[in-house]
Amino acid sequence: MRSRGIHSVGTSDAALVRRVQTGDTRAYADLVARYRDRLGRYALHMLGNREDAEEVLQDAFVRAYRSLSRCDDPERFGAWLYGILVNRCRTAGARAARRARRFVNDPAALETAPLAGPDGRADWDDTVRWALARLPSESREAFLLKHVEELEYEDMARLTGAGISALKMRVKRAREQLQAMLKEAERV
Amino acid sequence: MFEPMDDVIERIARHLRRPVQVDPALDGRVMREISALPTPGGATMVGKAWRWLRRPRQFTLTPLGGLAAVAALAVALLLFRRDSTSPTPPQVASRAFQFVLVAPRAARVSLVGDFNDWDATRTPMQRTGSDALWTVVVPLEPGRYHYAFFVDGSRWLADPSAPVARDDDYGAPSSVLTVGGGGDS
């Protein structure tokens, strides 16, 4: 994988994976420590709150451990783990969305609703998180993978199962929506 | 490929790329949880064989070899068709499924999917008494269907109560319904 952040330094992922597979559980702690913050960042931005993000992250690490024998290429453990996390975030996000849609289930209504915006001129961080949370989950996922995790479209396609043209479209829409929201927020 | 980003997008991306510190106690929680699990082990011989079979490969073929392969395939197909003696497919019972969407501001909603060739005119949904709910009942045979709601002739919505279609290559949201012989998901 050519992505900038999924590969590792020091003892190779493959060496650690092999140690885990031969019964050295402590080696898995090294893998967890290696990927914890990086994957945590994606989960936090994707789900919007730290508690959900850490729960999903823990779940992804445990699932990866259980399925380690199915990791085709231990050299690419990071990318494989990333795929598990992306799926867990989707599941958690869909669950949260279902909860929310019991009350409102009309995207047009949401889009045209008065801008609630970050209250009291919150700072840039609040504004960005607020705008990110208003993106459709597929667009948010594509935007984060492309512009924050800096993956190539080919890698994104492998992680998400979506086609490259669909991903490009999602990124484009996300950029347009974020730009529009941020401009609007700055006017309020 | 170099892709210029507008200032505001670059600003957002830079902000989101800042490192995030996850509670280091998470490591302990993960390790406690996996300590109760068996050692995962390496890939089994069967697993390796299966992956070997799935790995894409490139073959080179001369035009003559290609013609021979096509001819062999045609002969095999002819023989297979001659031996085939089951012209009537087994009867498959369809079951009725009710699709529901909450869209209080919509003026018209259609159900579109694999079962109606994504034709928005074939399965219009009806607004129910509450005014917010749109419903329609469709008989479906066992199978896996992609579908979506088409709202006001312009917007596609996936079904929020169903799994999202992962192999959605068209960029429009859609959902998946699997109808089994005895149940659905």
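Numbers at a glance
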| item | result |
| --- | --- |
| Yes/no for A:Tyr28 being touching a residue at least 40 places away in the same chain (Cβ under 8 Å), part of a helix (DSSP H, G or I) and not charged (D, E, K, R) | no |
| Residues satisfying the stated conditions in segment B:124-157, i.e. more than 16 Å from B:Ser174 (Cα to Cα) and among the hydroxyl-bearing types (Ser, Thr, Tyr) | B:Thr128, B:Ser130, B:Thr135 |
| Hits in segment A:157-188 - residues which are without any contact (Cβ under 8 Å) to a residue 12 or more places away in the chain, assigned to a helix (DSSP H, G or I) and over 19 Å from B:Glu10 (Cβ atoms) | A:Ala157, A:Ile164, A:Ser165, A:Ala166, A:Met169, A:Arg187 |
| Matching residues, segment A:25-41, being within 9 Å of another protein chain (Cβ to nearest Cβ) and not β-branched (Val, Ile, Thr) | A:Arg26, A:Tyr28, A:Ala29, A:Ala33, A:Arg36, A:Asp37, A:Arg38, A:Leu39, A:Gly40, A:Arg41 |
| Hits in segment A:64-80 - residues which are more than 12 Å from chain B (Cβ to nearest Cβ) and free of Cβ contacts under 8 Å to residues at least 60 places away in the same chain | A:Trp80 |
| Residue under evaluation B:Ala93, criteria (1) modelled with pLDDT of 80 or more; (2) exposed (fewer than 13 other Cβ atoms within 10 Å of the Cβ); (3) more than 10 Å from chain A (Cβ to nearest Cβ), criterion not met | (1) |
| Residues (more than 7 Å from every other protein chain (Cβ to nearest Cβ) and surrounded by fewer than 13 Cβ atoms within 10 Å (Cβ to Cβ)) located in segment B:7-25 | B:Asp7, B:Glu10, B:Arg14, B:Arg18, B:Pro24, B:Ala25 |
| Among the residues listed as B:Leu37, B:Leu73, the single one being in a loop (DSSP other than H, G, I, E, B), modelled with pLDDT of 65 or more and either of a type in the set (A, V, I, L, M) or within 31 Å of the chain's Cα centre (by Cα) (or both) | B:Leu37 |
| Whichever residue in segment A:132-167 is surrounded by 18 or more Cβ atoms within 10 Å (Cβ to Cβ) and of a type in the set (D, E, K, R) and, among such residues, is farthest from the other protein chains (Cβ to nearest Cβ) | A:Asp155 |
| Residue match in segment B:116-124 (condition: in a loop (DSSP other than H, G, I, E, B), within 14 Å of chain A (Cβ to nearest Cβ) and over 26 Å from B:Gly180 (Cα atoms)) | no |
| Enumeration of residues in segment A:59-74 that are among the polar types (S, T, N, Q) and closer than 19 Å to A:Ala43 by Cβ | A:Ser67 |
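The values are calculated or read from the model by the stated rules, or taken from the named source; none is laboratory data. Computed from a predicted structure; not experimentally measured. Please note: Cβ atoms are built from the backbone with ideal geometry, for glycine as well, and neighbour counts cover all protein chains shown.
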